[in-house]
Each structure stands twice: as structure tokens, then as C-alpha cells.
Amino acid sequence: MWPLYAAGFTTAFGAHGIAANLGGFSEDAVTSLLVLGGLLALYDGAEVLLKPVFGSLADRVGGKPVLLGGLIAFAFASALYAIADSPGWLWAARLGQGAAASAFSPSASAMVARLNPAANRGRAFGSYGFYKSIGYTLGPLLGGVLVWAGGLRLLFTVTAVCAAAVALWAALAVPVVPPLPRKRQTVADLARRLADRSFLAPTGALAAATAALSVGVGFLPVSGAAAGLGTVATGAAVSVLAATAAVVQPKAGRALDAGRLTTRTGLLTGLLITAAGLAAAMLPGLVGVLLAAALIGAGTGLITPLGFAALAASTPEERMGQTMGTAELGRELGDAGGPLLVAGVATVTTLAYGYAALAVLIAAGPVIALARPGRGSSRPR
């Protein structure tokens with residue numbers, strides 16, 4: 001399992017470490033906000049388009065070949081800019097990184113599910129999410145240090161070495177998970193499966209959690225700066241968010257496996273906590289920023305392992321990659337949609353109303369669900 005956790009760390013570190021340092025340290029390549037936005041969208045756009053494709057491919061040929069191919073491609077794409085060091089190759093490198101992450105990220109998630117019995121999947125996905133959160137936390141910080149020491153090329157070099165090392169580790173340590181026989185699936189069958197509540201509910205919760213996480217990382221520093229806080233204080237707030245999510249995820253997974261928590265209760269509670277965190281962001285000053293960071297981190301940390309465990313429990317083993325890839329697509333849409341919603345509302349009103357709009361949207365699902373009787377525990381059996 002450790003190489004799979006390392007793969008999760010690699011995708012988070014590579015995505016956020018480079019994205020957080022593109023605008024401030026690469027004046028030769030990033031000449032405007034439009035160029036910066038294009039470079040950021042290029043990576044995410046590749047993931048949106050390709051994750052379901054590579055998830056289905058993992059079901060067809062097995063998860064390990066797709067995992068290794070994605071990691072090797074990620075290392076190669078990172079090395080492109082490290083060697084060439086030109087603006088054109090930066091665009092190619094980010095596109096290649098996004099496409100490669102689209103391969104090994106859903107493959108790793110599917111293999112976490114396939115290599116663990118249903119009774120242990122909460123713990124497994126909690127640990128997987130923990131190491132991804134560590135990557136999200138260390139990416140901007142360590143990336144900034146590397147760029148300060150040796151420029152953007154050094155950061156790409158370290159990313160390439162990290163991906164290559166994880167690929168070698170996975171090749172030696174991860175067992176082969178052969179593809180399972182599959183019944184023929186029509187487009188209508190796929191549509192029915194993806195429209196089922198057992199898929200839509202956890203995927204929607206994961207998308208909401210990712211939207212809140214993206215908004216917290218992107219806009220809490222803006223709120224802090226507006227309140228007169230320095231970069232150290234706002235940076236610490238973002239670190240509190242990521243660290244809280246990292247701590248909560250393994251605990252939530254263990255509670256699910258032990259029967260102390262059901263998927264339904266955990267997801268509803270996580271969404272309400274996340275919405276409360278966005279509401280807390282409306283409070284002025286350092287108290288509002290820190291409280292929002294802690295609550296958003298706790299809520300998203302609760303949702304993430306339970307959402308993936310619920311998807312794994314309701315998915316046929318032979319379709320695990322397809323489900324994880326499509327669920328990752330939902331998360332990417334939340335990652336883009338949350339900041340767009342907050343920014344759009346804030347443009348015509350204020351940032352506080354932007355937080356409120358997303359908080360209401362995230363809380364609406366749990367309120368509707370609690371208003372009607374549940375069907376009991378959806379703990380994997």
C-alpha cells in the first residue's frame with residue numbers, strides 16, 4: 001500500500017507545488033494573469049477530460065500498468081521543462097503532467113479498493129487521503145523553498161525524480177491486480193449506474209468538499225489580507241486547513257471500519273461542518289480565518305475517505321477504475337466550480353456573500369436528506 005500512498009502524495013505535491021509558484025517566480029514564462037490562468041487550467045482540463053478514460057482503461061488492462069505508465073509519463077513531462085527551460089516547454093510540461101496524473105491518480109484509488117477487503121477500506125482510503133493532504137500542504141511550502149534555491153527548473157527536477165522513484169517502488173512492491181471478467185456494458189447501463197444515488201450522493205459530497213477546500217486555499221488568504229494580516233498569518237491559516245484534513249481522514253476511516261460511524265451520518269456531518277466553516281469565513285479578522293480553516297479542514301477530512309469507501313462498496317470490482325475515474329471528474333468540477341461561484345458572487349457583492357453562497361449550496365443537500373428518513377447504515381459489507 002505504501003507506494004500507492006506515495007503516488008497520492010506525488011500527484012498532490014506536483015499539482016499544488018508548481019501551481020502555487022508559477023506566478024511569483026517565473027516572470028519569463030508567466031507574463032500575465034491570463035497566461036497564469038491558462039497554465040493552471042491546462043492541468044485541470046486534462047484531468048477533467050482524461051480521468052474517466054484512464055479509469056476505464058485500468059479496468060480493462062489492470063491497475064498496475066496504468067499506474068506505472070502514468071508515473072513514468074509524469075516524470076518525463078516534469079523533466080521536459082527542467083531540461084529545456086523555455087516558455088513553450090512549460091506549457092507542454094503542464095499539459096503532460098495533467099494527462100499523466102489522470103492516469104495514475106484514479107488507478108491508485110482503484111487499487112486501494114481492490115487490494116483491501118471491504119471491512120478495511122475506510123482505513124485504507126483515510127491513509128491514502130492523509131498522504132495526499134501532506135502533499136497539498138508541503139507542495140506550496142517546499143516548492144517555494146526549491147524555487148528560491150534554484151528556480152522553477154529545480155522544482156520540476158525534484159518532481160521528476162519523485163515520480164520516477166515512486167514508479168520504481170511501485171514496480172517492485174505493488175502486486176499485480178489482474179482485470180476481472182466484465183459483462184458487456186452499454187451506454188445506457190453506464191448512465192443508469194452513474195445516475196444511481198449510491199454513486200451520485202458520495203460523488204456530490206466529494207465535489208462539495210473539494211469546492212470548499214479550493215475556496216479555502218484560494219480565498220482565505222484574501223480575507224486575511226483584507227483584515228490586515230501578513231503573509232505568515234494567512235499562510236499558517238491555509239496550513240491549518242490542510243493539516244486538519246490530514247489528521248481527520250485516518251480517524252474517520254477507522255471509525256467507519258469499526259462501525260462507530262456510518263457513511264450517511266459521516267457525509268451529512270462532514271457537509272454541515274464544511275458549510276459552517278465557510279460561514280465562519282464571513283467573520284472578520286484572524287479568528288474568522290482560523291476558525292474557517294479548521295472547520296473546512298475537518299469537514300473535508302471527514303467526507304473524503306467516507307465518500308471513496310462508499311463508492312468502492314457500491315461498485316462491482318470489475319468496474320472500480322471507471323467509477324473512481326468518474327468520481328475524480330466530479331471532484332475536479334467541484335475544484336473549479338467552487339472558486340468560480342465565490343468569485344462571481346463576490347464580484348457583484350462582497351467576498352463574505354461569496355462564502356455564504358457556497359455555504360448555503362453545500363448545506364442544502366444535508367438539510368434535504370435529513371428532512372426525509374434515511375435507509376440506515378451504508379457501511380461497506
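Could you tell me the distance between the Cα centroids of the stretch 113-165 and the stretch 322-369, to the nearest Å? Result: 25 Å between the Cα centres.
Extension gain, residue 119 to residue 53, is 20.9 nm, computed as 0.36 nm per intervening residue step minus the present C-alpha separation. Mean sequence separation of contacting Cα pairs (under 8 Å, at least six apart), scaled by the length of the chain, corresponds to a relative contact order of 25 percent. Note that the chain presents 41 Å² accessible area per residue, ligands and nucleic acids not counted, probe 1.4 Å. Out of all Cα-Cα pairs in the chain, roughly what percent, to the nearest whole number, are more than 33 Å apart? Within the chain, distances greater than 33 Å cover 27 percent of Cα pairs. In the frame of its principal axes, the stretch 88-128 has Cα extents of 48, 15, 7 Å, reported largest first. Across the stretch 161-172, coupling constants 3J(HN,Hα) worked out from phi with the 6.51/-1.76/1.60 Karplus curve, θ = phi - 60°, read 5, 4, 5, 5, 5, 5, 4, 5, 4, 5, 4, 8 Hz, and Gly and Pro carry x. Here the Karplus relation 6.51 cos²θ - 1.76 cosθ + 1.60, evaluated at θ = phi - 60°, turns the backbone of the stretch 321-329 into coupling constants of x, 4, 5, 5, x, 5, 5, 4, 4 Hz, with x for every Gly and Pro. Peptides 301-308, 95-102, 236-243 ranked from most to least packed give 301-308, 95-102, 236-243, packing being the mean of other C-beta atoms within 10 angstrom over each peptide's residues. Within the full protein context, the accessible area of residue 314 is estimated at about 50 Å² for a probe radius of 1.4 Å.
From most to least packed by mean Cβ count within 10 Å, the peptides 108-121, 322-335 give 322-335, 108-121. Calculated [222 nm] ellipticity per residue, helices only, for the chain: -30000 deg cm²/dmol; basis is -39500 (n - 2.57) per DSSP H run with n ≥ 4, divided by all residues, nearest 500.
Solvent-accessible area of the chain (1.4 angstrom probe, protein heavy atoms only): carbon and sulfur portion equals 71 percent.
The values are calculated or read from the model by the stated rules, or taken from the named source; none is laboratory data. Please read these numbers as outputs of a predicted model, since none were measured by experiment. Note that each Cβ is placed from the backbone with ideal geometry, even for glycine, and that neighbours are counted across all protein chains shown. Ligands, DNA and RNA are stripped out before the accessible areas are found, and what is left, the full protein with its side chains, is counted by its heavy atoms. Shrake-Rupley method; radii C 1.70, N 1.55, O 1.52, S 1.80 Å.
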